[in-house]
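*Asks:* Here it is, the structure in full.
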Amino acid sequence: MAGQVDLTHFKDALLVLGTAGIVVPIVHRLKVSPILGYLAAGAALGPNGLGQFHTRVPYLEWVTIQKTDEIAGIAELGIVFLLFFIGLELSFGRLATMRRYVFGLGLLQVLISGAVLAALASLFGLKPDAAILIGASLALSSTAIVVELLATRKRLTSTTGRVTFAILLLQDLAVVPILFLVETLGAGRDGSLVAGLGWALVQAGVAIALIVGLGKLVLSPLFRFVAETRDNELFIATTLLVVVGTGVASAAAGLSMALGAFVAGLLIAETEYRRAVEHTIEPFKGLLLGVFFFSVGMSIDFGRLIADPVLILGLAVALVAVKMLICTLLARGFGVAWPAAIETGALIGAGGEFAFIVIGLAMTTGIVERAAGSIAPTVVAITMAALPAMASLGRHLGRRLAQALPADPETLVAPPEEAGGRTIVVGYGRVGALIGTMLERHRQPYIAIDRDPTTVTLARRKGRPVYFGDITKPDFLRACGLDTARAVVVTVNSPTLVDDIVTVIRTLRPEAVIVARARDAAHATKLYAMGVTNAVPETIEASLQLSEAALVGLGVPMGPVIASIHDKRDEFRQMLKQSRTNAPKP
């Protein structure tokens, strides 16, 4: 006969799972970040929320968490995996590609913001070591929420997305020395704070170097051996062993488990099994991070917010204002246009999840007093909750300011008066830049037009014939040589803007050759009805390229494959052209 089960042991797990199964779908339908849903649920059900009333209302004991240490073990595992995911993203190749923004703009943002915030914290009577740790932790931003916002709004590949992501990469990397600094100060070691930080940086560098070296010797053979078994469960177990095992080894050496997980992610990122590991642990990612943010929400003190709303909200506004101002000015100093610089500043202005980790550790070790430590998480949580509104406000302010300020001299260069034989490329993002490269390779003259001043400035510094302007303006189109252009290639990714550009071109020059990027088959059909020479639907082209790769991989000779792909492309083109009579007219 089975023994009686103590349900209290499962209550906390059920609460977290209930949040994942009920609250997150609700906030997702409301188009709110799931992270904010976990934060709100943790705040409501934690010891500072409804949990504090369980003695008055007994049944609340079953639907709330009364002590933060009740899920401390699970939350610690969430932190471990959070650092592991970040380490997995921080491959050295990615850092090298974005090194100017990462190690230039990102490093200055962390150092200057941390110094200013530490100075402000000291004005409230905090000791130097506590002020430095709070300043450093508040200088970091929310990688999880910001990246999700950029991805949802399809702005990861924009100038704002690239610059913001570079800063977040450096901030994630800065967590390592900050954690070392907490441990150094918490251990009460002799020496100055500067010496402690320097020693922390040295330790971090040595640890990363050793882990990368060991990874080249151990990890690839290990994962190769496991992969040869073709056992997915064994691969999952090995991945978890590496993550947790490295964390435990790090803890045994006197460091944090999170730090060990971080270097484990860096280690795997340098192997050929990185993508497989990412795919393997994806099911664990959302739930474990959800547990972490749920525990973060539990640290929000509603009582303190109700008691001192002016102080808490004032500190939140001050935090955002200081970080946004510093980041915006630094981004502008690195050549980022005002609109992107201001939007980046708004995204970086809020606090981040690592503030909870650092301040929590600092409180545990006695570096930060309980009073100061209880205010900071509430302030950070408020700024994180306001991130979507801040992102929209930053974009709006950037556009308004850009209209009032003089333009970059590079963007004021007029298109050359060279008469004929050119191709006009509209849009100089990744697609437009690649088309320009192919035209150069085949010695075809061209000019490119883009409305993003930062894109234009960077391209012109590389010697590319890119000009700033609005291609929907008839006078500007004529100045670009539309009347004598051999072709116009429209590469922008906004279907509405593509339609507007095609309409203007057809009005000014009905016989012009127009090759336009289309979102899908329906959009391509509409463009053919508008009179484009050729529409290239992204979905169909992706399918054709996948088919080509699959057939070649199966051993079919390249020649027949390419011929069949061309034939199929022509079939699609004819089908779309024949459907244009039923397409909506512009």
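Values quoted throughout were computed directly from the atomic coordinates according to the rules given, and no laboratory measurement underlies them. This structure is a prediction, so every number in the text was calculated from the model and none was measured. Cβ coordinates were reconstructed from backbone atoms using ideal geometry, including for glycine residues, and neighbour counts include every protein chain displayed.
*Asks:* What residues have an amide H closer than 5 Å to that of V490, excluding those fewer than 5 places away on the same chain, when H is modeled at 1.01 Å from N in the peptide plane?
*Replies:* V426, V515, A516, R517
*Asks:* Under the Karplus relation 6.51 cos²θ - 1.76 cosθ + 1.60, θ = phi - 60°, what is the ordered set of whole-Hz ³J(HN,Hα) values for the stretch 360-377, x standing for Gly and Pro?
*Replies:* Calculated HN-Hα couplings, in order: x, 5, 5, 5, 4, 7, x, 6, 10, 6, 4, 5, 5, x, 7, 7, 4, x Hz.
*Asks:* In what sequence do K462, K323, K127 fall when counting other Cβ within 10 Å, fewest first? Intermediate values should be presented prior to the final figure.
*Replies:* Details: K462 8, K323 27, K127 14.
Ascending Cβ contact count within 10 Å gives the list K462, K127, K323.
*Asks:* For the stretch 409-582, how big is the tail of P(r) above 21 Å, as a whole percent of Cα pairs?
*Replies:* Details: 7865 of 15051 pairs.
Percentage above 21 Å: 52.
*Asks:* Would you mind ranking L108, L45, L508 by Cβ crowding within 10 Å, fewest neighbours first? Before the final figure, lay out the partial values.
*Replies:* Working: L108 18, L45 23, L508 13.
Starting with the residue having the fewest Cβ neighbours, the order is L508, L108, L45.
*Asks:* Going by how many other Cβ atoms sit within 10 Å of their own, how do D500, D231 line up, fewest first?
*Replies:* Values: D500 15, D231 12.
Least to most surrounded, the residues fall as D231, D500.
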